[in-house]
Protein chains: 2
Amino acid sequence: MNLEDLRVIKTKTNLQSTLIELLKEKPLEKVTVTELCRLSGITRRTFYLHYENVPKYFGEIIEQLMDELEQSMQKTTNYRLLNYQQLDPKMIHLFEHIYNNKEFYQFIFNNNSNFAYYEMFFKRIKRFVKSSMESMDLINEITDFEVSYQANAILGIILEWYYQDFQKSVADMNLILLKVLKL
Amino acid sequence: MNLEDLRVIKTKTNLQSTLIELLKEKPLEKVTVTELCRLSGITRRTFYLHYENVPKYFGEIIEQLMDELEQSMQKTTNYRLLNYQQLDPKMIHLFEHIYNNKEFYQFIFNNNSNFAYYEMFFKRIKRFVKSSMESMDLINEITDFEVSYQANAILGIILEWYYQDFQKSVADMNLILLKVLKL
DNA sequence: AACTATATTATACAAGTGTGTAATAATTTT
DNA sequence: AAAATTATTACACACTTGTATAATATAGTT
(Lines give C-alpha, C1' and ligand atoms only; values in the text may rest on other atoms or scores of the structure.)
Protein backbone atom coordinates (compact mmCIF):
# COMPACT_ATOMS: atom_id res chain seq x y z
CA MET A 1 0.00 0.00 0.00
CA ASN A 2 1.35 3.40 -0.92
CA LEU A 3 1.76 6.22 1.55
CA GLU A 4 -0.10 8.63 -0.69
CA ASP A 5 -2.07 8.05 -3.83
CA LEU A 6 -0.70 9.80 -6.92
CA ARG A 7 -4.05 11.52 -7.31
CA VAL A 8 -3.84 12.90 -3.79
CA ILE A 9 -0.34 14.20 -4.35
CA LYS A 10 -1.49 15.88 -7.55
CA THR A 11 -4.44 17.65 -5.94
CA LYS A 12 -2.41 18.74 -2.94
CA THR A 13 0.45 20.20 -4.96
CA ASN A 14 -2.06 21.91 -7.23
CA LEU A 15 -3.87 23.45 -4.28
CA GLN A 16 -0.69 24.55 -2.56
CA SER A 17 0.78 26.34 -5.56
CA THR A 18 -2.46 28.17 -6.34
CA LEU A 19 -2.84 29.18 -2.70
CA ILE A 20 0.69 30.59 -2.63
CA GLU A 21 -0.14 32.51 -5.81
CA LEU A 22 -3.41 33.82 -4.40
CA LEU A 23 -1.70 35.00 -1.23
CA LYS A 24 0.46 37.32 -3.30
CA GLU A 25 -2.71 39.14 -4.37
CA LYS A 26 -4.96 39.02 -1.32
CA PRO A 27 -4.99 38.23 2.40
CA LEU A 28 -5.83 34.73 3.57
CA GLU A 29 -9.27 35.65 4.86
CA LYS A 30 -10.33 36.74 1.37
CA VAL A 31 -9.40 33.40 -0.19
CA THR A 32 -12.53 31.31 -0.62
CA VAL A 33 -12.66 27.55 -1.08
CA THR A 34 -14.64 28.16 -4.27
CA GLU A 35 -12.01 30.38 -5.87
CA LEU A 36 -9.11 28.23 -4.70
CA CYS A 37 -10.71 25.16 -6.25
CA ARG A 38 -11.77 26.86 -9.45
CA LEU A 39 -8.19 28.03 -10.07
CA SER A 40 -6.80 24.64 -9.09
CA GLY A 41 -9.14 22.81 -11.40
CA ILE A 42 -10.53 20.57 -8.68
CA THR A 43 -13.99 20.30 -7.16
CA ARG A 44 -14.85 21.87 -3.84
CA ARG A 45 -15.93 18.45 -2.70
CA THR A 46 -12.37 17.20 -3.13
CA PHE A 47 -11.01 20.04 -1.04
CA TYR A 48 -13.34 19.20 1.82
CA LEU A 49 -12.29 15.55 1.53
CA HIS A 50 -8.82 16.62 2.64
CA TYR A 51 -9.21 19.80 4.68
CA GLU A 52 -11.70 21.57 6.94
CA ASN A 53 -11.41 25.10 5.63
CA VAL A 54 -8.89 27.53 4.19
CA PRO A 55 -7.26 28.70 7.46
CA LYS A 56 -6.86 25.14 8.76
CA TYR A 57 -5.40 24.15 5.42
CA PHE A 58 -2.95 27.02 5.57
CA GLY A 59 -1.96 25.69 8.97
CA GLU A 60 -0.51 22.63 7.24
CA ILE A 61 1.68 24.86 5.12
CA ILE A 62 2.82 26.68 8.25
CA GLU A 63 3.76 23.31 9.77
CA GLN A 64 6.06 22.73 6.82
CA LEU A 65 7.65 26.11 7.50
CA MET A 66 8.07 25.13 11.14
CA ASP A 67 9.95 22.01 10.07
CA GLU A 68 12.36 24.22 8.18
CA LEU A 69 12.64 26.50 11.21
CA GLU A 70 13.56 23.56 13.38
CA GLN A 71 16.19 22.46 10.91
CA SER A 72 17.66 25.96 10.96
CA MET A 73 17.87 25.86 14.71
CA GLN A 74 19.34 22.38 14.75
CA LYS A 75 22.21 23.58 12.61
CA THR A 76 23.40 25.18 15.82
CA THR A 77 23.21 22.05 17.94
CA ASN A 78 26.16 22.84 20.10
CA TYR A 79 25.40 26.51 20.40
CA ARG A 80 24.33 27.46 23.88
CA LEU A 81 21.49 29.90 23.89
CA LEU A 82 22.17 31.23 27.35
CA ASN A 83 25.91 31.27 27.21
CA TYR A 84 26.12 35.03 27.07
CA GLN A 85 29.89 35.23 27.05
CA GLN A 86 30.59 34.26 23.51
CA LEU A 87 28.74 35.23 20.39
CA ASP A 88 28.49 32.25 18.15
CA PRO A 89 27.93 33.28 14.53
CA LYS A 90 26.04 30.04 13.95
CA MET A 91 23.25 31.42 16.08
CA ILE A 92 22.31 33.62 13.18
CA HIS A 93 20.46 30.75 11.53
CA LEU A 94 17.23 31.38 13.45
CA PHE A 95 16.82 34.98 12.33
CA GLU A 96 18.16 34.12 8.91
CA HIS A 97 15.42 31.59 8.38
CA ILE A 98 12.77 34.06 9.49
CA TYR A 99 14.11 36.79 7.25
CA ASN A 100 14.20 34.47 4.27
CA ASN A 101 10.56 33.58 4.89
CA LYS A 102 9.32 37.01 5.88
CA GLU A 103 6.12 36.73 3.86
CA PHE A 104 5.01 33.64 5.75
CA TYR A 105 5.84 35.09 9.13
CA GLN A 106 3.88 38.17 8.18
CA PHE A 107 0.90 35.88 7.69
CA ILE A 108 1.47 34.34 11.10
CA PHE A 109 1.65 37.68 12.90
CA ASN A 110 -0.97 39.37 10.78
CA ASN A 111 -3.90 40.88 12.62
CA ASN A 112 -6.47 38.56 11.12
CA SER A 113 -4.33 35.52 11.61
CA ASN A 114 -5.20 32.42 13.57
CA PHE A 115 -3.65 32.05 17.00
CA ALA A 116 -2.95 28.42 16.12
CA TYR A 117 -0.13 29.54 13.83
CA TYR A 118 1.53 31.43 16.66
CA GLU A 119 1.22 28.37 18.85
CA MET A 120 2.97 26.19 16.28
CA PHE A 121 5.83 28.68 16.28
CA PHE A 122 5.86 28.81 20.07
CA LYS A 123 6.03 25.03 20.39
CA ARG A 124 9.06 24.75 18.15
CA ILE A 125 10.95 27.51 19.94
CA LYS A 126 10.09 25.87 23.25
CA ARG A 127 11.57 22.60 22.10
CA PHE A 128 14.77 24.38 21.10
CA VAL A 129 14.97 26.38 24.32
CA LYS A 130 14.34 23.32 26.43
CA SER A 131 17.17 21.32 24.90
CA SER A 132 19.46 24.35 25.12
CA MET A 133 18.68 24.80 28.78
CA GLU A 134 19.08 21.13 29.54
CA SER A 135 22.47 20.94 27.87
CA MET A 136 23.62 23.91 29.95
CA ASP A 137 22.19 23.11 33.32
CA LEU A 138 22.62 19.45 34.14
CA ILE A 139 21.96 19.87 37.83
CA ASN A 140 18.59 21.55 38.28
CA GLU A 141 15.24 20.42 36.98
CA ILE A 142 13.94 22.81 34.35
CA THR A 143 10.25 23.57 34.72
CA ASP A 144 7.81 24.11 31.89
CA PHE A 145 7.28 27.62 33.20
CA GLU A 146 10.94 28.46 32.76
CA VAL A 147 10.91 27.07 29.24
CA SER A 148 7.74 28.93 28.25
CA TYR A 149 9.12 32.10 29.77
CA GLN A 150 12.36 32.00 27.79
CA ALA A 151 10.79 30.75 24.57
CA ASN A 152 8.06 33.35 24.49
CA ALA A 153 10.58 36.05 25.39
CA ILE A 154 12.49 35.23 22.22
CA LEU A 155 9.23 35.29 20.32
CA GLY A 156 8.67 38.75 21.78
CA ILE A 157 11.82 39.96 20.09
CA ILE A 158 10.78 38.38 16.82
CA LEU A 159 7.36 40.02 17.11
CA GLU A 160 9.02 43.37 17.71
CA TRP A 161 11.15 42.79 14.62
CA TYR A 162 7.96 42.18 12.65
CA TYR A 163 6.33 45.33 14.09
CA GLN A 164 9.35 47.29 12.89
CA ASP A 165 8.85 45.78 9.45
CA PHE A 166 12.05 43.71 9.56
CA GLN A 167 14.14 46.88 9.29
CA LYS A 168 16.91 45.53 11.49
CA SER A 169 19.40 43.24 9.78
CA VAL A 170 19.84 39.62 10.74
CA ALA A 171 23.17 40.47 12.33
CA ASP A 172 21.57 43.26 14.37
CA MET A 173 18.91 40.88 15.63
CA ASN A 174 21.58 38.51 16.71
CA LEU A 175 23.20 41.21 18.83
CA ILE A 176 19.88 42.38 20.20
CA LEU A 177 19.04 38.89 21.39
CA LEU A 178 22.38 38.50 23.09
CA LYS A 179 22.12 41.87 24.77
CA VAL A 180 18.63 41.21 26.02
CA LEU A 181 19.46 37.76 27.34
CA LYS A 182 22.28 39.31 29.32
CA LEU A 183 19.94 41.88 30.83
CA MET B 1 -26.35 65.43 20.72
CA ASN B 2 -26.06 62.30 22.81
CA LEU B 3 -23.01 60.09 22.82
CA GLU B 4 -25.06 57.01 22.06
CA ASP B 5 -28.65 56.66 21.05
CA LEU B 6 -30.80 54.71 23.51
CA ARG B 7 -31.68 52.33 20.70
CA VAL B 8 -28.01 51.62 20.05
CA ILE B 9 -27.35 50.94 23.70
CA LYS B 10 -30.29 48.57 23.83
CA THR B 11 -29.18 46.53 20.81
CA LYS B 12 -25.59 46.38 22.01
CA THR B 13 -26.42 45.19 25.50
CA ASN B 14 -28.85 42.66 24.04
CA LEU B 15 -26.21 41.32 21.69
CA GLN B 16 -23.55 41.14 24.35
CA SER B 17 -25.60 39.21 26.86
CA THR B 18 -26.79 36.68 24.28
CA LEU B 19 -23.25 36.23 23.00
CA ILE B 20 -21.99 35.56 26.51
CA GLU B 21 -24.79 33.04 26.93
CA LEU B 22 -24.03 31.37 23.62
CA LEU B 23 -20.35 31.06 24.47
CA LYS B 24 -21.26 28.88 27.44
CA GLU B 25 -22.70 26.35 24.99
CA LYS B 26 -20.42 26.52 21.99
CA PRO B 27 -17.09 27.88 20.76
CA LEU B 28 -16.93 31.29 19.14
CA GLU B 29 -16.40 29.95 15.62
CA LYS B 30 -19.74 28.13 15.80
CA VAL B 31 -21.68 31.28 16.65
CA THR B 32 -23.33 32.62 13.52
CA VAL B 33 -24.60 36.15 13.02
CA THR B 34 -27.97 34.64 12.14
CA GLU B 35 -28.32 32.77 15.42
CA LEU B 36 -26.94 35.60 17.53
CA CYS B 37 -29.48 37.99 16.05
CA ARG B 38 -32.39 35.58 16.20
CA LEU B 39 -31.80 35.06 19.93
CA SER B 40 -31.26 38.76 20.50
CA GLY B 41 -34.44 39.70 18.71
CA ILE B 42 -32.73 42.05 16.28
CA THR B 43 -32.25 41.87 12.53
CA ARG B 44 -28.99 40.80 10.97
CA ARG B 45 -28.95 44.09 9.15
CA THR B 46 -28.69 45.90 12.47
CA PHE B 47 -25.76 43.76 13.53
CA TYR B 48 -23.88 44.61 10.37
CA LEU B 49 -24.66 48.29 10.93
CA HIS B 50 -22.47 48.12 14.05
CA TYR B 51 -19.95 45.33 13.52
CA GLU B 52 -18.08 43.51 10.77
CA ASN B 53 -18.49 39.92 11.89
CA VAL B 54 -18.64 37.79 15.03
CA PRO B 55 -14.89 37.49 15.75
CA LYS B 56 -14.33 41.23 15.27
CA TYR B 57 -17.31 41.93 17.51
CA PHE B 58 -15.92 39.61 20.16
CA GLY B 59 -12.71 41.64 19.90
CA GLU B 60 -14.60 44.59 21.36
CA ILE B 61 -15.57 42.53 24.36
CA ILE B 62 -11.95 41.47 24.79
CA GLU B 63 -10.95 45.13 24.74
CA GLN B 64 -13.27 45.70 27.70
CA LEU B 65 -11.54 42.84 29.49
CA MET B 66 -8.18 44.42 28.69
CA ASP B 67 -9.33 47.64 30.32
CA GLU B 68 -10.06 45.68 33.48
CA LEU B 69 -6.68 43.99 33.20
CA GLU B 70 -4.96 47.34 33.02
CA GLN B 71 -6.85 48.55 36.07
CA SER B 72 -5.72 45.45 37.95
CA MET B 73 -2.14 46.15 37.05
CA GLN B 74 -2.41 49.81 37.91
CA LYS B 75 -3.48 48.89 41.42
CA THR B 76 0.16 48.01 41.86
CA THR B 77 1.55 51.29 40.60
CA ASN B 78 4.46 51.41 42.94
CA TYR B 79 5.27 47.78 42.70
CA ARG B 80 8.48 47.19 40.81
CA LEU B 81 8.24 44.25 38.49
CA LEU B 82 11.95 43.59 38.37
CA ASN B 83 12.73 44.22 42.01
CA TYR B 84 13.42 40.61 42.79
CA GLN B 85 14.35 41.15 46.41
CA GLN B 86 10.94 41.73 47.89
CA LEU B 87 7.72 39.97 47.13
CA ASP B 88 4.94 42.48 47.08
CA PRO B 89 1.57 40.85 47.69
CA LYS B 90 -0.07 43.51 45.57
CA MET B 91 1.55 41.97 42.56
CA ILE B 92 -1.00 39.21 42.81
CA HIS B 93 -3.57 41.43 41.11
CA LEU B 94 -2.43 40.47 37.60
CA PHE B 95 -2.88 36.73 38.07
CA GLU B 96 -5.96 37.31 40.19
CA HIS B 97 -7.64 39.16 37.36
CA ILE B 98 -6.77 36.41 34.89
CA TYR B 99 -8.01 33.69 37.20
CA ASN B 100 -11.28 35.53 37.80
CA ASN B 101 -11.79 35.76 34.05
CA LYS B 102 -10.48 32.34 33.10
CA GLU B 103 -13.25 31.68 30.61
CA PHE B 104 -12.37 34.74 28.59
CA TYR B 105 -8.67 34.01 28.61
CA GLN B 106 -9.45 30.50 27.46
CA PHE B 107 -11.15 32.06 24.46
CA ILE B 108 -8.08 34.18 23.79
CA PHE B 109 -5.66 31.24 23.94
CA ASN B 110 -8.01 28.78 22.32
CA ASN B 111 -6.72 27.02 19.24
CA ASN B 112 -9.28 28.55 16.90
CA SER B 113 -8.85 32.00 18.34
CA ASN B 114 -7.84 35.11 16.50
CA PHE B 115 -4.26 36.29 16.92
CA ALA B 116 -5.63 39.82 17.29
CA TYR B 117 -6.86 38.95 20.80
CA TYR B 118 -3.38 37.85 21.83
CA GLU B 119 -2.00 41.08 20.47
CA MET B 120 -4.41 43.15 22.53
CA PHE B 121 -3.20 41.30 25.61
CA PHE B 122 0.42 41.74 24.57
CA LYS B 123 0.04 45.48 24.07
CA ARG B 124 -1.35 46.02 27.56
CA ILE B 125 1.35 43.95 29.23
CA LYS B 126 3.95 45.86 27.24
CA ARG B 127 2.61 49.17 28.49
CA PHE B 128 2.83 47.94 32.06
CA VAL B 129 6.32 46.48 31.63
CA LYS B 130 7.56 49.65 29.97
CA SER B 131 6.46 51.91 32.80
CA SER B 132 7.83 49.45 35.36
CA MET B 133 11.19 49.38 33.64
CA GLU B 134 11.29 53.13 33.27
CA SER B 135 10.55 53.75 36.92
CA MET B 136 13.37 51.39 37.85
CA ASP B 137 16.05 52.36 35.44
CA LEU B 138 16.23 56.10 35.06
CA ILE B 139 19.64 56.13 33.44
CA ASN B 140 19.53 53.93 30.36
CA GLU B 141 17.23 54.18 27.39
CA ILE B 142 14.88 51.23 27.27
CA THR B 143 14.43 49.82 23.78
CA ASP B 144 11.22 48.40 22.32
CA PHE B 145 13.03 45.10 21.98
CA GLU B 146 13.69 44.93 25.70
CA VAL B 147 10.08 45.75 26.47
CA SER B 148 8.71 43.19 24.03
CA TYR B 149 11.11 40.61 25.38
CA GLN B 150 10.03 41.06 28.99
CA ALA B 151 6.35 41.49 28.24
CA ASN B 152 6.08 38.41 26.08
CA ALA B 153 8.12 36.42 28.59
CA ILE B 154 5.43 37.12 31.18
CA LEU B 155 2.81 36.13 28.64
CA GLY B 156 4.72 32.89 28.20
CA ILE B 157 4.16 32.09 31.85
CA ILE B 158 0.50 32.93 31.56
CA LEU B 159 0.24 30.72 28.47
CA GLU B 160 1.87 27.86 30.38
CA TRP B 161 -0.62 28.39 33.19
CA TYR B 162 -3.41 28.06 30.64
CA TYR B 163 -1.83 24.91 29.14
CA GLN B 164 -1.82 23.41 32.63
CA ASP B 165 -5.51 24.26 32.92
CA PHE B 166 -4.99 26.92 35.62
CA GLN B 167 -4.09 24.22 38.13
CA LYS B 168 -1.57 26.39 39.94
CA SER B 169 -3.00 28.83 42.44
CA VAL B 170 -2.72 32.57 42.04
CA ALA B 171 -0.18 32.62 44.88
CA ASP B 172 1.88 29.92 43.18
CA MET B 173 1.93 31.90 39.96
CA ASN B 174 3.16 34.88 41.85
CA LEU B 175 6.11 32.90 43.17
CA ILE B 176 6.80 31.33 39.79
CA LEU B 177 7.01 34.73 38.15
CA LEU B 178 9.41 36.01 40.78
CA LYS B 179 11.60 32.94 40.55
CA VAL B 180 11.76 33.08 36.79
CA LEU B 181 12.54 36.79 36.70
CA LYS B 182 15.43 36.13 39.06
CA LEU B 183 16.78 33.41 36.78
C1' DA C 1 -46.12 68.60 21.05
C1' DA C 2 -44.45 68.79 16.63
C1' DC C 3 -40.31 68.30 13.94
C1' DT C 4 -36.09 66.21 12.68
C1' DA C 5 -32.73 62.75 12.60
C1' DT C 6 -31.51 58.22 12.43
C1' DA C 7 -31.65 53.39 14.20
C1' DT C 8 -34.15 49.45 13.12
C1' DT C 9 -36.96 46.51 10.27
C1' DA C 10 -38.73 43.77 6.27
C1' DT C 11 -37.46 41.89 2.26
C1' DA C 12 -34.46 40.44 -1.34
C1' DC C 13 -30.25 38.82 -3.74
C1' DA C 14 -25.91 36.88 -5.30
C1' DA C 15 -22.31 34.48 -3.43
C1' DG C 16 -20.04 31.13 -0.38
C1' DT C 17 -20.21 27.07 3.02
C1' DG C 18 -20.32 22.40 4.43
C1' DT C 19 -22.39 18.00 3.54
C1' DG C 20 -24.78 13.98 1.17
C1' DT C 21 -25.13 10.58 -2.74
C1' DA C 22 -24.18 8.05 -6.74
C1' DA C 23 -21.42 7.74 -10.90
C1' DT C 24 -16.88 7.94 -12.92
C1' DA C 25 -12.05 7.79 -13.33
C1' DA C 26 -7.42 6.98 -11.86
C1' DT C 27 -4.25 4.25 -9.13
C1' DT C 28 -2.74 0.25 -6.78
C1' DT C 29 -2.79 -4.66 -6.05
C1' DT C 30 -3.03 -9.33 -7.40
C1' DA D 1 -3.86 -7.42 -17.85
C1' DA D 2 -7.79 -7.80 -14.93
C1' DA D 3 -9.70 -6.86 -10.50
C1' DA D 4 -10.16 -4.24 -6.51
C1' DT D 5 -9.71 0.04 -4.28
C1' DT D 6 -10.46 4.64 -3.65
C1' DA D 7 -9.92 9.59 -5.13
C1' DT D 8 -12.44 12.60 -7.78
C1' DT D 9 -16.47 14.37 -9.99
C1' DA D 10 -21.29 16.05 -10.89
C1' DC D 11 -25.14 17.52 -8.85
C1' DA D 12 -28.01 18.93 -5.16
C1' DC D 13 -29.47 20.88 -0.66
C1' DA D 14 -30.15 23.78 3.42
C1' DC D 15 -27.83 27.26 5.48
C1' DT D 16 -24.93 31.54 6.29
C1' DT D 17 -22.93 35.83 4.64
C1' DG D 18 -22.64 40.56 3.41
C1' DT D 19 -25.01 44.12 1.09
C1' DA D 20 -28.92 46.98 -1.00
C1' DT D 21 -33.39 49.47 -0.71
C1' DA D 22 -37.42 51.51 1.03
C1' DA D 23 -40.58 51.68 4.87
C1' DT D 24 -41.21 52.15 9.79
C1' DA D 25 -40.37 53.18 14.50
C1' DT D 26 -37.95 55.37 18.05
C1' DA D 27 -35.07 58.52 19.76
C1' DG D 28 -33.40 63.47 20.27
C1' DT D 29 -34.22 68.54 19.36
C1' DT D 30 -36.64 72.85 19.11
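The values are calculated or read from the model by the stated rules, or taken from the named source; none is laboratory data. Not measured: the values here are computed from a predicted model. Positions of Cβ are generated from backbone atoms using ideal geometry, with glycine treated the same way; all protein chains shown enter the neighbour counts. When the accessible area is computed, the model is the full protein with side chains, heavy atoms only, and any ligands, DNA or RNA have been set aside. Shrake-Rupley method; radii C 1.70, N 1.55, O 1.52, S 1.80 Å.
So the values come out like this:
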{"read-out": "Per residue solvent-accessible surface (Å²) - the range B:3-50, probe of 1.4 Å", "value": "69"}
{"read-out": "The protein assembly as shown, dipole about Cα centre (Lys/Arg Cβ +1, Asp/Glu Cβ -1), debye to the nearest 20", "value": "640"}
{"read-out": "Summed residue charge, Cβ within 13 Å of B:Q167's Cβ, Lys/Arg positive, Asp/Glu negative", "value": "-2"}
{"read-out": "Residue (of A:F107, A:I9, A:T32) at the positive-pole extreme of the protein assembly as shown, dipole from beta-carbon charges", "value": "A:T32"}
{"read-out": "Charge tally in the Cβ shell below 14 Å around B:S148, where Lys, Arg are +1 and Asp, Glu are -1, B:S148 excluded", "value": "+3"}
{"read-out": "Choice from B:Q74, B:Q150, B:Q164 showing the highest fluctuation, given a GNM over chain B with Cα pairs closer than 10 Å", "value": "B:Q164"}
{"read-out": "Contact surface A-B: accessible area buried, both sides summed, square angstrom, 1.4 angstrom probe", "value": "3400"}
{"read-out": "Under the span-like rule (Cα at least 15 Å along the axis, Kyte-Doolittle mean at least -1.0), DSSP H helices of chain B", "value": "B:6-25, B:54-74, B:115-136, B:144-163, B:170-182"}
{"read-out": "Simple Cβ-charge dipole of chain A, Lys/Arg +1 and Asp/Glu -1, about Cα centre, in debye nearest 20", "value": "380"}
{"read-out": "Alpha carbon convex hull of the range B:55-182, volume per residue in cubic angstrom", "value": "103"}
{"read-out": "Residues of the range B:55-182: accessible area per residue with a 1.4 Å probe, Å²", "value": "46"}
{"read-out": "Mean-position separation - Cα centroids, the range B:1-66 and the range B:99-144, in angstrom", "value": "25"}
{"read-out": "Threshold 30 Å², the range A:97-114 residues less accessible with all protein chains present than alone (1.4 Å probe)", "value": "A:N111, A:N112, A:N114"}
{"read-out": "Gaussian network model of chain B, springs between alpha carbon atoms under 10 Å - residue of B:L94, B:L39, B:L159 with greatest fluctuation", "value": "B:L39"}
{"read-out": "MRE, 222 nm, helices only [DSSP H, n ≥ 4, -39500 (n - 2.57), over the protein assembly as shown, to nearest 500]", "value": "-22500 deg cm²/dmol"}
{"read-out": "Heavy-atom accessible surface of the protein assembly as shown: percent carbon and sulfur, 1.4 Å", "value": "50"}
{"read-out": "Filtered GluC sites (Glu not before Pro), the range A:137-183: DSSP coil and at most 11 other beta carbons within 10 Å", "value": "A:E141"}
{"read-out": "Square roots of five times the Cα gyration tensor eigenvalues for the protein assembly as shown, Å", "value": "35, 32, 18"}
{"read-out": "Long pairs among A:K168/B:K12; A:K123/B:K102; A:K126/B:K130, criterion Cα-Cα beyond 32 Å", "value": "A:K168/B:K12"}
{"read-out": "Position B:Q167, label points 7 Å along Cα→Cβ, spacing to each other copy in nm (shortest first, one decimal)", "value": "4.5"}
{"read-out": "Whole-percent pair-distance distribution, where bins are 10 Å wide, for the alpha carbons of the range B:1-51", "value": "24, 54, 18, 4"}
